[in-house]
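Below is one structure, written out as structure tokens; the observations come after it.
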Amino acid sequence: MIYETDKPLYLQIVDYACEQILLGIWKPEERVPSVRELSVTLTVNLNTVARSFDFLQDKQVLFQKRGIGYFVEKEGLKRIRDMYKIEFFQKDLPNLFKKMQKLNVSIEEIVLEYKKCST
């Protein structure tokens, strides 16, 4: 994992965990690596991983079974997609549109490129 300097580390770990779920590596209702295991894997402090898991628990993406560990919520994947979709429409898309205007790129050109990538 490559760490960004402009984003808090615990949120980067949240992104990492969400990516694992989006890719199907961590599946709904299955146990995820423990805080200790993930801190060793990512070479970060236990408390930072714990803070990330707390965040994901607050967002109802993960849940904890005492003494057993953390698990992906049944609707965790959907919640992540909804969360990232909002971010995409509020942050990424406006930035993309600004760049398209600067470069004089049309929606039609974007659609063409999208179709090339989708096949």
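Computed quantities for the displayed model
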{"quantity": "Surrounding net charge for Glu37, when Lys and Arg each add one and Asp and Glu each subtract one, Cβ distance under 15 Å", "calculated": "+1"}
{"quantity": "GNM flexibility winner over the chain from Val61, Val49, Val40 (Cα, springs under 10 Å)", "calculated": "Val40"}
{"quantity": "Net charge contributed by nearby residues that have their C-beta within less than 13 Å of Leu93 (K/R +1, D/E -1)", "calculated": "+2"}
{"quantity": "Potential lengthening between Lys7 and Ser34 on full extension [0.36 nm per residue; Cα-Cα distance subtracted]", "calculated": "7.4 nm"}
{"quantity": "Pair-distance profile P(r), taking every C-alpha pair of the chain, with 10 angstrom steps and integer %", "calculated": "12, 36, 27, 17, 7, 0"}
{"quantity": "Kirkwood-type radius of the stretch 9-77, with distances r between different C-alpha atoms, in Å", "calculated": "11.7 Å"}
{"quantity": "Positive minus negative residues near Pro28 (Lys, Arg vs Asp, Glu; Cβ under 12 Å)", "calculated": "+1"}
{"quantity": "Length-normalised contact order for the chain - Cα pairs under 8 Å, 6+ apart - percent", "calculated": "23 percent"}
{"quantity": "Long-range lysine pairs (8 or more apart or interchain), the stretch 1-79, Cα under 15 Å", "calculated": "5"}
{"quantity": "Expected 222 nm ellipticity per residue - DSSP helices of 4 or more, -39500 (n - 2.57), all of the chain, to 500", "calculated": "-18000 deg cm²/dmol"}
{"quantity": "In the stretch 25-119, the GluC sites (Glu not before Pro) that fall in loop regions by DSSP, at most 13 other Cβ within 10 Å", "calculated": "Glu29, Glu30, Glu75"}
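Here, each number is a calculation from the coordinates, and none is a lab measurement. Nothing here was measured: the structure is a model prediction, and the numbers come from that model. Note: ideal-geometry Cβ built from the backbone for every residue, glycine included; neighbour counts use all protein chains shown.
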